[in-house]
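Okay, structure first, notes after.
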Amino acid sequence: MKPQRERHVEGEEPLEGLDPQDWPAFRAQAHEILDHVIDYVEGIRERPVWQPLPDAERALIRGESLPRRGVSLREVHAQFNRLVVPYTVGNVHPGFMAWVHGGGNVFGMLGELLASGLNANLGGRDHAPIEVERLVVRWAADLFGFPEAAGGVLVTGTSMANLMAVLAARTHASPQVKQRGVSGPSLVAYTSAAAHGCIARAMDMSGLGVDALRVVPVGADHRLCLSALSEAIERDRAVGLRPFLVVATAGTVETGAIDDLVRIGELCSREALWFHIDGAFGALGMLSRSRSGLFRGIERADSVAFDFHKWGQVPYDAGCLVVRDQAVLLRTFAAEQSYLRRESRGLAAGAPWPCDLGPDLSRGFRALKVWFTLKVIGADRLGAAIDLTCDLASELGRRVDAEADLERIAPIALNIVCFRYRFARHIDRENAALAIDLQLSGMAATSTATIDGKLALRCAIFNHRTRRHDIDAMIDTVLELGRARARRLAET
Ligand SMILES: *Cc1c(COP(=O)(O)O)cnc(C)c1O
């Protein structure tokens, strides 16, 4: 017989901690809530891609003071449905082509749910969740062709992974920095003009300074110009500076360009520089059968930063840093006194721990949603979904090239298409406004990017749900809104 549960008496300590008083009622509601979110994803096409959060709803969210007394789960869920669900950014929707966002997936969603049920802390200690994370990192290392000695950790995203790579490269070049801080001949790093802004931020946060990052020009293909890189390194050496790091990009945010990884890798070996690749979305292009060749040279890198939450479609957030030689991460992040003295048996065994490989101590079980995603979907199907986004981008490019009112303004390397409407006047301003018109239409969303001084609508196709008719609907809406705008422009 089940023990009778004590009723919670007003004003007294609840006898069962913070768990529900009525488990069967909670269970029923939890099932309903799960059904609701499954309905949301299944029915995503019925919704607008995005709609602005109205002032009244915003005020309701902002105006709430700390709830001193709890309300029912039903009430909180109803509020969530009313105030939050309709006003998300829209990246689950197949019409979302703005920014480099993944579409998520429901298997990963369940992984996330289960991870929070287990409430595992993956900072350290000896338990199966850490083995799952090690496995996921191993899969990535193998995908990139890294040796057995490779290692890494999951982190929030590539911004963090890039920062950690800069720190690892810095420690590798100048081991005493860890103890004494930055001093002596200045360390300098190199990246291309098309690199993500977080590389400069990493230089800032590492204490090396943004000025110690040389921004190398790109060619017409938006890839780092190798001769300019060599010259910059030579110039810096000549004045007594210490080149230590080259950050190549495999899939730039603006055009999807992939730097020449083979030749940059050769140059880094020759010059004894750390070769880091920002492969935030692109690195998982290695899963694609037809396009993995574009990433040749990735196997030469000292480190690769990438996201499972972009092309990998794992729910946010799931970034990763993989380093060719895990020992460098240990030298960079481990507090040696503690990790060398860990137990060989018991709960405190299993060193090194993830907290020795990065800056975080307490860490969630991000790896579980990656594990669920990769195991249920399989790497080949994920690769095929990646291919499809590239194929759709090529089709979109052809469609843009065929429309007299549109002009494509960058080559298509992968899944990103940059184009603009040919307004007669104020072309940048009008295209920026057109991007907003499109977002407000709820039909589709693109963002903007400035390419060679021209403001473009940037269409980044990342969502695995996006199909050809979504692309057609987007272009049709752009043309319709663009024509309306052009007419108004002609009248003024
Ligand atoms: C998205 C992106 C980043 C930043 O990654 P986060 O996961 O958003 O931190 C860095 N570099 C490139 C090329 C990106 O596409």
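Below are the figures for this structure:
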quantity	calculated
Sole exception among (1) within 23 Å of the chain's Cα centre (by Cα); (2) outside any strand (DSSP E or B); (3) closer than 24 Å to residue 297 by Cβ for residue 191, by number	(2)
Filter pass, residue 450 being of a type in the set (S, T, N, Q) and part of a strand (DSSP E or B)	yes
Test: residue in region 338-354 that is in contact (Cβ under 8 Å) with a residue 12 or more places away in the chain, within 26 Å of residue 104 (Cα to Cα) and either part of a strand (DSSP E or B) or within 16 Å of the ligand (Cβ to nearest atom) (or both)	no
Filter result for residue 221 (acidic (Asp, Glu), within 11 Å of the ligand (Cβ to nearest atom) and part of a loop (DSSP other than H, G, I, E, B))	no
Failed criterion for residue 148 (all others in (1) away from the ligand (no atom under 16 Å from the Cβ); (2) open to solvent by 10 Å² or more (accessible area, probe 1.4 Å); (3) assigned to a helix (DSSP H, G or I) hold)	(3)
Criterion: out of contact with any Gly (no Cβ under 8 Å at 6 or more places or on another chain), open to solvent by 90 Å² or more (accessible area, probe 1.4 Å) and either touching a residue at least 24 places away in the same chain (Cβ under 8 Å) or assigned to a loop (DSSP other than H, G, I, E, B) (or both) - qualifying residue of 60, 66	66
Looking only at region 92-115, and only at residues there that are open to solvent by 10 Å² or more (accessible area, probe 1.4 Å) and in contact with a Lys or Arg (Cβ under 6 Å, 6 or more places away or on another chain), the one that is nearest to the ligand (Cβ to nearest atom)	100
Residue count, region 406-417 (criterion: closer than 16 Å to residue 476 by Cα and open to solvent by less than 10 Å² (accessible area, probe 1.4 Å))	2
Top-ranked residue in region 250-299 [being surrounded by 21 or more Cβ atoms within 10 Å (Cβ to Cβ) and among the polar types (S, T, N, Q); ranked as nearest to the ligand (Cβ to nearest atom)]	252
Qualifying positions in region 434-492 - touching a Pro at 6+ places or on another chain (Cβ under 6 Å) and closer than 25 Å to residue 222 by Cβ	463, 466
Filter result (small (Gly, Ala, Ser), part of a loop (DSSP other than H, G, I, E, B) and open to solvent by 10 Å² or more (accessible area, probe 1.4 Å)) within region 316-336	335
The lone exception for residue 431 - which of (1) in contact with a Lys or Arg (Cβ under 6 Å, 6 or more places away or on another chain); (2) exposed (fewer than 14 other Cβ atoms within 10 Å of the Cβ) it fails	(2)
Residue 71 being under 21 Å from the mean Cα position of the chain (by Cα) and either of a type outside the set (D, E, K, R) or closer than 30 Å to residue 302 by Cβ (or both)	no
Qualifying positions in region 300-314 - in contact with a helix residue (DSSP H, G or I) (Cβ under 6 Å, 6 or more places away or on another chain) and within 13 Å of the ligand (Cβ to nearest atom)	304, 305, 306, 307, 308, 311, 312, 314
The one condition in (1) among the charged types (D, E, K, R); (2) touching a residue at least 60 places away in the same chain (Cβ under 8 Å); (3) loosely packed, with under 15 Cβ neighbours inside 10 Å that residue 131 fails to fulfil	(2)
Search result, residues across region 387-419 that are more than 15 Å from residue 471 (Cβ to Cβ) and more than 26 Å from the chain's Cα centre (by Cα)	404, 405, 407
Total residues in region 376-405, condition open to solvent by 20 Å² or more (accessible area, probe 1.4 Å), farther than 12 Å from residue 105 by Cβ and either among the acidic types (Asp, Glu) or part of a helix (DSSP H, G or I) (or both)	14
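Results for (1) touching a residue at least 12 places away in the same chain (Cβ under 8 Å); (2) within 11 Å of the ligand (Cβ to nearest atom), shown as yes or no for each residue.
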| site | (1), (2) |
| --- | --- |
| 153 | yes, no |
| 156 | yes, yes |
| 176 | no, no |
| 190 | yes, no |
| 195 | yes, yes |
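The values are calculated or read from the model by the stated rules, or taken from the named source; none is laboratory data. Quick caveat: nothing in here was measured; it's all calculated off a predicted structure. Cβ sites come from the backbone with ideal geometry, for glycine too, and all protein chains shown count toward neighbours. Note: accessible area is taken over every heavy atom of the protein model, side chains too, but ligands, DNA and RNA are not part of it. Shrake-Rupley method; radii C 1.70, N 1.55, O 1.52, S 1.80 Å.
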